[in-house]
Each structure stands twice: as C-alpha cells, then as structure tokens.
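J.: Questions regarding the structure given below will be posed in turn.
The values are calculated or read from the model by the stated rules, or taken from the named source; none is laboratory data. Worth saying up front: this structure is predicted, and the values here are computed from it rather than measured. No Cβ is skipped: glycine too gets one built from the backbone with ideal geometry, and neighbour counts run over all protein chains shown.
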Amino acid sequence: MSAHICGDYKTSYKEDMVLFQTFFSKFWLIAFLIFLCIIPHFLDNYVLYVCNMIGIAIIGALGLNILTGFTGQISLGHGAFLGIGAYASAYLVMDLGIPFFIAMPCAGLITAMFGMVFGIPSLRLKGLYLAIATLAAQFIIEYLMVHVEPVTNGVLGKMVDFPSIMGFTFDTDLKYFYLIGTVAILATIMSKNIVRTRSGRAFIAIRDQYISAEVMGVNLFKYKLLAFAFSSFLAGIAGSLWAHYVTIITPEHFTIGVSIEYLAMIIIGGMGSIIGSIFGAVFMVLLPEVLRGLSGTLSGEFPMIVNIFAAIKEGVFGLIIIIFLVYEPDGMAHRWQMIKAYWKLWPFSY
Amino acid sequence: MDFFLQLLVSGVVVGSIYALVALGFVLIYKATGVINFAQGEFLMVGAYVCLAMVAQLHIPFWIAFVLTMVVTVVLGLIIERLALRPMIGEPIISIIMLTIGLSSVLKCFVLVIWGPNNRVYPQFFSQVPIHLGPVVISQVYIWSVGFAILFLGLFTLFFRYSSSGIAMRAVADDQQAALSMGISVKKVFAMAWCIAFLVAGVGGVFLGNINVVNVSLGFFGLKVFPAVILGGLDSIPGAIVGGLLIGVLEAMTGGYLDPIIGGGTKEVVPFVVLVIILMVKPYGLFGTPEIEKV
C-alpha cells in the first residue's frame, strides 16, 4: 500500500476547513517558526530593521486584505487608519501614562471605531464611490492629524518612547523583532481563523454578490461594519507598533502614498489570500531596500543615480503594479499555489 | 465686497481648469467605466511638455501649445493600448490600482527628465492686469477661462453632432448594443483616453502659466474628485458645474476660513463636501442613478 495520494479526498466540510491540510504543512510551519526565533541573533541591525518593518507591514496588509480582498470594500484610507493607531497609542502612553500592553489593543479599538464611522457610507456606496469616500476619509484624517494639536502636536511631530512591558524595555532592534514577530503571528492566526468562521464566509459572500448574500440572510450592514472594524483594528495595531519603533511620528508618515502602498501589497501578494498579504508585505518592504542597495553599488559608475533615486523608486513601484495587474492578476499567492501543486505531483505532473 | 469678488474670480479661474480636467475624467468613466487616478499626472505631463518646448527648444508659445496637444493625444493612445486595453473586464480595484501605478510611472518620467525643482514658464501673457470695476484680473486668467470655455464648448458640440461623438455616447450607454451596431468599442476607448489626456494637458499648460510647474501638480487630479462627484460621475454638464462650484468653494474657504482656522482648510473642505454629497445624493447633481440587478 504505497499509493501516493495526489488529489483531495475529503468527505466532509470539516475536513476541508482544517487549518493544516497535511502533516507536512504543520511540520514546515513549525520549522519555519523555530527558524524565525533563532535567526535574528545572527543578523545585523539593518537587516533586523527591515524585518521589523516587514512585520508591521504584514499586520497592516492582513487588515486591508480582510476588508478589500475578502469583503470587496475598496479602501484608500488605510494609511490614515495606521496614523490613528499610531497617534492613539502615542497619546495613551505618553500623555495618559497607560502601560504599553494595554495601550496597544486600546489603540486598535479606537482605530476600529474610526474605521466603523468611515465604514458607514459603505452601506450605500459601492465600488468606485466607496473608493472615493475612503479617499476623502484619508484627506480629512490627515487634516485632523495636523490640526488637532493637543493630541498630535501637529506638523512638529510627537515623540514616543520605546515600549516597555513590566519594566522590560524593547529598546533594540533585536528585542523589537520578537515583539513584532509575536504580534504578527497572532494577527495571522486571527485572520486565518476569522476567514473560516460565519463572519468570514459572510465577507466572501458580500464580495462575490452582495444582493444574493442579503437574500441568503447575511446582514450587510453588520458584516460590512465588522470588516471595517477588523481591518482598522489591525491597522491600529500596526500603527501603534510603528509609532513605538520609530519613536517620532508626524502626519507625513500617514499620507495617501502609504494607503496606496498597502493596496499594492495585497494586489501583488494576492487579494483574498492570507499568505498573499504576507508575500505582498515582504515584497513591498524589500523593494525599496533592494533598489537602494542597487543604486548604492551603481553610484560609483553613474553618480547622478543618487539624485533620481526617489523618481526611480516611484517608477519601479508603478511599473511593478502594472506588470502584476496585467500578467499576474491573482498575485504571488496564486503562483505559490501553482508551485506547490507542481511539486505535489512531481515528477509525474500529468 | 471687493475681496469677495476677487475670490469669486480666482475661484472661477481655477474652477474652469477643474472643469476641463473633470471633463476628461467623466469622459473616461462614461465611455470605459474606468476611474482614472492618473488624471492629475496627465495634467502635469501636459504642463511639462509645453514648458520644455517653450523654454528649452524656444518654440513660440502658440505653436508649442498645439504641439503639446498632439503629444498628449499620442501619449493617450500609447497608454490606452499598453496598459488599459488588457484590463477590460477586470475588477474595479485592479483598474483603480492600474491607474495609480500609471500615475507613479508618469511622475517618474517627469522627475527623471526634468528634475524635482520648481520651473516657471517664460513670460508670455502680458503682466498688465485688467480692471473690471473693482476687480483686478491678470490676463493669463482671462486666457485660461477663455480656453476652458472654448474646449468645453467644442466637446459639447463634438458629442452632440459628430459621428464619433455619437458613437462614444452610444458605447457609454450600452456597449453590447453599440457593438452590434458596428461601432468599434476599442476605437472609442482609445479616443476617450486621448481626449482625456488632451484636455488635462491643456489644463496643465494654463495652470503652469498661472502657478509654478512642479511634480505636485499631480495632486490636482485628486482634487477633481469632489468636482466630479458633485456634478455626477457620468455627466458632462455636471463636470462643468461641479468644477466651477468646487473652484469657487475652494477660493472662498481659502480667503475666509484659512486665516481663522489655519492653513490647509482650503484643501480639505472640498473633500468634506464630497462626503456629504455621497451620503445625501451619491449620484451627484446630474448623474444617472445605477439600477442594480442580480
């Protein structure tokens, strides 16, 4: 009995919904997590910094993917929600003296409330109109960040301390890596699970055909708001982690450009896919760093490349979005599936 | 009162350029169902192309102006063919992101070719202001309003009487029916992008003559959203009325509210208006409500 099972032999929904489909997926995941725990000790601070930024981006991208990828509600205001989380956390810790481990979830909840307020128009608005409404939300929140000076300190920026939990201060890149890593893993598990619940199925139903979903008993208002709340909650958490990591926040950090970057992440990674959010976040954070490295090496031969670095970064960013949309509209997650399927049947792929 | 009139005039001038850019925007939406986030970059490219011809190649302004129109039409064709044509039938979010990507690429080209510094058009319009009662208007303002009206009028006539214009309206109304009547939808799509790029480019040339030219001209495209939403996304008269209203509103808040509340109010008030309109009357003043079926 050495027949190799190469198809999906599932006889119940429960079997189909299991998180780890095979023994190997569990094995590799655990191996990967152990690797993640060990590897930071061998990395220098710059690489750790990039890893931390990736972690924060993963949390934010997961949130946006729940909203846009799974529920189909386009949001151009994710950057602003990140900002609300950052400022809320900074205000709670610095001005009110609340400990970080309480302030971070609180910042998430505050952002979730804002997200729900700006999600209300989504009941009447669809597609393009909702995109424009969230664009307006982005600009209005940006304006508030500049002008509500008692909380945000305006354009001067707000200083934030490194977070500390029970007297232990996360003041190096290495220590922060574990903090961000833990939160990112929790966020991934949370997202993965929410997609499997009734809410998650309701989200997908709304995305695919909202009128049919309503007919089948999905409360559109409730689930759209829930999607907005969950998405902004994760954005708030990401913003909070970001604020305490960079230790100075100004409104310029949360512009429309950030929102677009997050949208690009989920499109490049794969919309409606948890692992896609992770791929996209890794890709979008690494891209500028790789470009910077390249321009550093090339600057010896072409000194003018430093001057136009920002322009080239912008252009490559746009070009990659276009190329992905035209040639790989389902994102890297789809490619990943194809690769996995290929190896599953290897070497008899027919 | 004088202050009010002065604000009104500058509001109408900026508003007429909004209307021009909004016209292209509405046109693309009507014909192809695409929301174009790169409209502001089209405007920026128009401003830079004309500036390069006038300042670097020393071509007389009016010839450069006509050449700019030619260049923008060609660019519109290229963009439609390379980027937009493969996207027909894709979900809205993909198309929105594609135009955003497009705007990044255009910005990159402009930055690489012309650099990030502010540039100024050589003096072409006479500096002597014209006095209309208590209001002082500089000549470039009159020219830009005049050209905006000219183009808006021309395109209104084009849509009403020329066969291409009627074909475009047919495609906007019902693609399948238009196809079965022998209208080439591809050609109409290409034409929509050309016209959109053209009118945005013209707007850019005049905006460049009024202000300085730099990359932030691209933000102008985002400010057109309130105008088109106010007028109704698929209505050409709506684009004109919405553009003018938003221009005046912006000038008024800039004049009266900014000194009280602080800078930046001017930029955000149109978006507040936008949210209110979306809540109350999502299809704007003249837009057609969408009727959805399962």
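J.: Which one of these does A:G200 not meet: (1) more than 21 Å from the chain's Cα centre (by Cα); (2) at pLDDT 90 or above; (3) surrounded by 15 or more Cβ atoms within 10 Å (Cβ to Cβ); (4) not charged (D, E, K, R)?
T.: (1)
J.: Quick one: A:D171 ticks every box in (1) without any contact (Cβ under 8 Å) to a residue 40 or more places away in the chain; (2) more than 26 Å from A:I39 (Cα to Cα); (3) acidic (D, E) bar one, so which box is it?
T.: (2)
J.: Here is a further query. Name the one entry in B:V213, B:V188 that is in contact with a strand residue (DSSP E or B) (Cβ under 7 Å, 6 or more places away or on another chain) and more than 14 Å from chain A (Cβ to nearest Cβ).
T.: It is B:V213.
J.: Show me the helices (runs of 4 or more DSSP H) entirely contained within segment A:1-95 in which 3 or more residues are in contact (Cβ under 8 Å) with a residue 40 or more places away in the chain and under 27 Å from A:R196 (Cα atoms).
T.: Passing ranges, in order: A:45-64, A:78-90.
J.: Which ones in segment A:107-138 are at pLDDT 90 or above, closer than 20 Å to A:A187 by Cβ and either within 14 Å of chain B (Cβ to nearest Cβ) or touching a Gly at 6+ places or on another chain (Cβ under 9 Å) (or both)?
T.: Correct list: A:A107, A:G108, A:L109, A:I110, A:T111, A:A112, A:F114, A:G115.
J.: Filter segment B:227-236 down to the residues that are within 14 Å of the chain's Cα centre (by Cα) and assigned to a helix (DSSP H, G or I), then identify the one that is nearest to the other protein chains (Cβ to nearest Cβ).
T.: The qualifying residue nearest to the other protein chains (Cβ to nearest Cβ) is B:I229.
J.: Given the condition touching a Leu at 6+ places or on another chain (Cβ under 7 Å), on the phi < 0 side of the Ramachandran plot and not hydroxyl-bearing (S, T, Y), answer yes or no: does some residue in segment A:291-308 qualify?
T.: yes
Residue-by-condition table, conditions (1) touching a residue at least 24 places away in the same chain (Cβ under 8 Å); (2) under 21 Å from A:D16 (Cβ atoms):
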{"site": "A:Y178", "(1), (2)": "yes, no"}
{"site": "A:I194", "(1), (2)": "yes, yes"}
{"site": "A:R201", "(1), (2)": "no, yes"}
{"site": "A:I206", "(1), (2)": "yes, no"}
{"site": "A:A227", "(1), (2)": "yes, no"}
{"site": "A:S232", "(1), (2)": "yes, no"}
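J.: Sticking with this one: Only one residue in B:V224, B:V202 is assigned to a helix (DSSP H, G or I), in contact (Cβ under 8 Å) with a residue 24 or more places away in the chain and under 23 Å from A:A136 (Cα atoms), so which one is that?
T.: Unique residue meeting the criteria: B:V224.
J.: Let me ask something additional. Out of (1) over 17 Å from B:L27 (Cα atoms); (2) free of Cβ contacts under 8 Å to residues at least 12 places away in the same chain; (3) of a type in the set (A, V, I, L, M, F, W, C); (4) part of a helix (DSSP H, G or I), what's the single condition that is false for B:V128?
T.: (4)
J.: If you don't mind, another one. Across segment A:297-341, what is the number of residues that are among the small types (G, A, S), over 17 Å from B:V112 (Cβ atoms) and more than 19 Å from the chain's Cα centre (by Cα)?
T.: Looking only at that region, the number is 2.
J.: Which of the residues that make up segment A:155-176 are in contact with a His (Cβ under 8 Å, 6 or more places away or on another chain) and not hydrophobic (A, V, I, L, M, F, W, C)?
T.: A:D161, A:P163
J.: In segment B:141-153, what residues are more than 16 Å from the chain's Cα centre (by Cα) and either over 21 Å from B:D2 (Cβ atoms) or not in a helix (DSSP H, G or I) (or both)?
T.: B:W143
J.: Something else: Which residue out of B:V241, B:V212, B:V248 is surrounded by fewer than 23 Cβ atoms within 10 Å (Cβ to Cβ), out of contact with any His (no Cβ under 6 Å at 6 or more places or on another chain), of a type outside the set (S, T, N, Q) and over 21 Å from B:W143 (Cβ atoms)?
T.: Exactly one of B:V241, B:V212, B:V248 is surrounded by fewer than 23 Cβ atoms within 10 Å (Cβ to Cβ), out of contact with any His (no Cβ under 6 Å at 6 or more places or on another chain), of a type outside the set (S, T, N, Q) and over 21 Å from B:W143 (Cβ atoms), namely B:V241.
J.: Say we look at segment A:287-322 and pick out the residues that are within 12 Å of another protein chain (Cβ to nearest Cβ), over 27 Å from B:T99 (Cβ atoms) and out of contact with any helix residue (DSSP H, G or I) (no Cβ under 6 Å at 6 or more places or on another chain); which of these is surrounded by the most Cβ atoms within 10 Å (Cβ to Cβ)?
T.: Restricting to residues being within 12 Å of another protein chain (Cβ to nearest Cβ), over 27 Å from B:T99 (Cβ atoms) and out of contact with any helix residue (DSSP H, G or I) (no Cβ under 6 Å at 6 or more places or on another chain), the top hit is A:N307.
J.: If you don't mind, there's one more thing I want to ask. Output the residues belonging to segment A:141-156 that are facing another protein chain (nearest Cβ under 7 Å) and touching a residue at least 60 places away in the same chain (Cβ under 8 Å).
T.: Passing the criteria: only A:V146.
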